[in-house]
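These notes are about the structure you will find just below.
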Amino acid sequence: MSHTALISSVIAVEGRSPHRSPLIFLHGLGDTGHGWATTIAAIRGPHVKVICPTAATMPVTLNAGFRMPSWFDLRTLDATGPEDEEGIIRATNLIHELIKSEIKVGIPANRILLGGFSQGGALALHAALTFPERLAGVMALSCWLPRHSHFPNEVKTPLDLPIFQAHGDCDPVVPFKWGQMTASFLKTLMKNVEFNTYQGLTHSSSDAELKDMRAFVERTLPLTTN
């Protein structure tokens, strides 16, 4: 399947200096790249290029088959329920191609940061863990690890990949417990997992979370590479 069949558009916010460090951020179900581009651009350094693709519109089982931007089909909010494994793998391959396109123009994999919110965070986490080179890191907000039963066998990245997880403890959409369980599971697989809890936060972001994200971006994509 072609990229254009899976992505409807891509918003790119160039750095104020020649960019050496792309930050690819994936939106949640029903949102667009526009929804996060300005927010993410505000927490990056001048050398970071923000890339916010918008998923193609598709029917989503969880929402009674209504069509909306979605990276893959969501069939249930039950942690042990059936998943759209084919769709998850297809979307993961797409994100891998986006990463490879940056590598082809001379950006080292360890200067590429991946992130996402909700469904986009789930995809970012899955894509980062299954990419054969070590990325700068991954920011996984208010999400879970798709196809978790296939891990650790599916892990292709080096085990020191920096993972920043964030979740509000009042999330009514992706339960906080899912984030806790995901973090606990990831810590059995990976060496560098950070889980941040935000009190009173629902299924959204906050100033406190953005502050911590900024620190993670600065830490994993420093201005100098030495």
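General remarks:
- GLU194 sits among other residues whose Cβ lies under 15 Å from its own Cβ, and their net charge, with Lys and Arg +1 and Asp and Glu -1, is +1.
- Spatially proximal aspartates and glutamates relative to LYS191 (Cα-Cα < 13 Å; intrachain offsets below 8 disregarded): ASP160
- Under-5 Å amide H pairs with SER21, H placed in peptide plane, nonlocal only: LYS49
- Whole-Hz Karplus values for segment 185-196 come out as 5, 4, 5, 7, 9, 10, 9, 9, 10, 10, 10, 10 Hz, taken residue by residue from phi with 6.51 cos²θ - 1.76 cosθ + 1.60 and θ = phi - 60°; glycine and proline positions read x.
- Length added when fully stretched, THR38-ARG75, from 0.36 nm per residue minus Cα-Cα: 10.3 nm
- In the chain, helical runs assigned H by DSSP with n ≥ 4 each contribute -39500 (n - 2.57); averaged across all residues and rounded to the nearest 500, the mean residue ellipticity at 222 nm is -9500 deg cm²/dmol.
- Using C-alpha pairs below 8 Å separated by at least 6 residues, the relative contact order for the chain is 17 percent.
- Calculated Rg and Dmax of the Cα atoms in Å (choose from [x] 19.9, 61; [y] 19.4, 73; [z] 16.1, 51), label: [z]
- For segment 3-218, share of DSSP beta bridges that run antiparallel, in % to the nearest 5: 30
- Amide H partners (placed H, <5 Å) of THR54, local residues excluded: SER8, SER9, VAL10, ILE11, GLY33
- Distance between segment 182-226 and segment 70-93 - C-alpha centres, whole angstrom: 23
- Hydrodynamic radius of segment 47-107 per Kirkwood, over alpha carbon pairs, in Å: 13.4
Bear in mind that the values in this text are calculations on the coordinates, not laboratory data. On a predicted model such as this, the values are computed, not experimentally measured, just so you know. Don't worry about glycine lacking a Cβ; one is built from the backbone with ideal geometry, like all the others, and counts go over all protein chains shown.
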